[in-house]
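The next block holds one structure in the form of structure tokens; read it before the comments.
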Amino acid sequence: MRLSSLLRVPALFAAALFAAAPVAQAEHTSNWAVLVSTSRFWFNYRHLANVLSIYRTVKRLGIPDSQIILMLPDDMACNPRNAFPGTVYSNADRAVDLYGDNIEVDYRGYEVTVENFIRLLTDRVGDEMPRSKRLLTDDRSNILVYMTGHGGNEFLKFQDAEEIGAFDLADAFEQMWEKKRYHEILFMIDTCQANTMYSKLYSPNIIATGSSELDQSSYSHHADNDVGVAVIDRYTYYNLEFLETEVRDTSSKKTVGDLFDSYTYEKIHSHAGVRYDLFRGGEEEARSRLVTDFFGNVQNVEVDGSKNTTLEEDLLSLSRTIAALQQKAEEEEQAARQNTTEAVKSKPMAHHKTQFAKPLTDENWWTKKIFGATALAGCALLWGISSFLEAPGK
């Protein structure tokens, strides 16, 4: 068997093994978050705290800043009314500064507009737009879209200057789907009459949830007397409570269904809503999605214990087969080299004699020719001299 054939065997064997073995594949390859506060002015402090709380949670669960788009219309941390300059808190005990030093704001102040938000989702931006301000997703990306602010029946206000409607949002998501910009979306909104904002969605693979039904308000949870305003909304507060206590790391098996089941009227003071019908497989499939499929970073794929044992045994067998084949290949190569060396040693001797004998024969032949010609010339010369000497005597 030739060496090339031997080396081809392990590759074919490995291909056959992995083709036959059960393979677990991730359904998505990246997680992104679009977090939007739409309210300006100090009395809307809680909306900024809402979005920064979600921002902190997704970063804790591994989504990097490069895959988070953060939109903040006002800088409450530097507001002259802030009794604690440079900070934002979502709880009266002020245990965690949400602003801190490790925050990357992508759209700030008057950059937070309806136009920029829709352009962000649909990637209708100019070449001058830096990558940090773009949603660089594809058809294998899961996206968490979280929005908070003041709203009403099928609209959400942006900075008290303009509105985005339910149809605008639905059409933006449809453009994303047509342009293959997402795999699955979890849309969350905390505002008055929030559930009306996802009522017009019609694109596939979207799970939607909101804080309140039509004609219901979204309420704040509590205020900080030193800050002087409410610091977080109830819906966001209880989402965070679940995420902080039940989803401590990316290994958590808590599902989206578990999160939604934690919503109660007694907690939120309004009827939180959920929409499953757009998701492939319906409610059952939607509820089975892990919370970390949207709030966490993508992890390495793992197979269960039984499959893992079988795979390890197969890999061990494969490694032994490859080692045996490689040893055989080396032995055949060594034998081939030895045969070649012996042939080389024997052939040059005969070749050397032939090459050596031939030049000697030719050289002798020419030497004889030259020697004969020289002798003949010498005889002729002597005869000529003798004739010349004998001539005067006559």
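A few notes on this one:
- Relative contact order of region 59-197, pairs being alpha-carbon contacts under 8 Å that are 6 or more residues apart, as %: 23
- Within region 62-159, all pairs of alpha-carbon atoms sorted by distance into 10 Å bins from zero give the percentages 12, 39, 35, 13, 1.
- Full extension of the chain between Lys179 and Ala335 yields a length gain of 50.1 nm, computed as 0.36 nm times the residue separation minus the alpha carbon distance.
- Virtual spin-label span in nm between Ser217 and Ala323, 7 Å along Cα→Cβ: 7.4
- FRET E, pair Ser251, Thr29, Förster distance 22 Å, beta-carbon r, rounded to 0.05: 0.70
- Summarising the label geometry, the points placed 7 Å from Cα in the beta-carbon direction at Leu136 and Ser288 lie 3.4 nm from one another.
- Using a cutoff of 8 angstrom between alpha carbon atoms and counting only pairs six or more residues apart, the relative contact order for region 162-299 works out to 24 percent.
- Our summary gives region 30-301 a relative contact order of 22 percent, counting only alpha carbon pairs under 8 angstrom and 6 or more residues apart.
- Put in order of Cβ neighbour count within 10 Å, fewest first, the listed residues Ser220, Ser319, Ser39, Ser30 become Ser319, Ser30, Ser220, Ser39.
- When region 140-295 is described by a simple charge dipole with +1 on each Lys and Arg Cβ and -1 on each Asp and Glu Cβ, the residue from Phe167, Ser251, Val145 located farthest towards its positive end is Ser251.
- Straight-line cross-link reach from Lys133 at under 16 Å between alpha-carbon atoms covers these aspartates and glutamates, not counting any fewer than eight positions away in the same chain: Asp65, Glu104, Asp106, Glu111, Glu115, Asp123.
- Whole-Hz couplings from phi, Karplus 6.51/-1.76/1.60, listed for region 140-152; x for Gly and Pro: 10, 9, 8, 10, 9, 10, 10, 10, 8, x, 9, x, x
- Loop-resident trypsin sites (Lys or Arg not before Pro) (DSSP state other than H, G, I, E or B) in region 125-231 with no more than 11 further Cβ atoms inside 10 Å of their Cβ are absent.
Only the coordinates and a few stated rules stand behind these numbers; no lab work does. What you see is a predicted model, and the numbers here were worked out from it, not measured in a lab. FYI the Cβ positions are ideal-geometry reconstructions off the backbone, even for glycines, and counts take in every protein chain you see.
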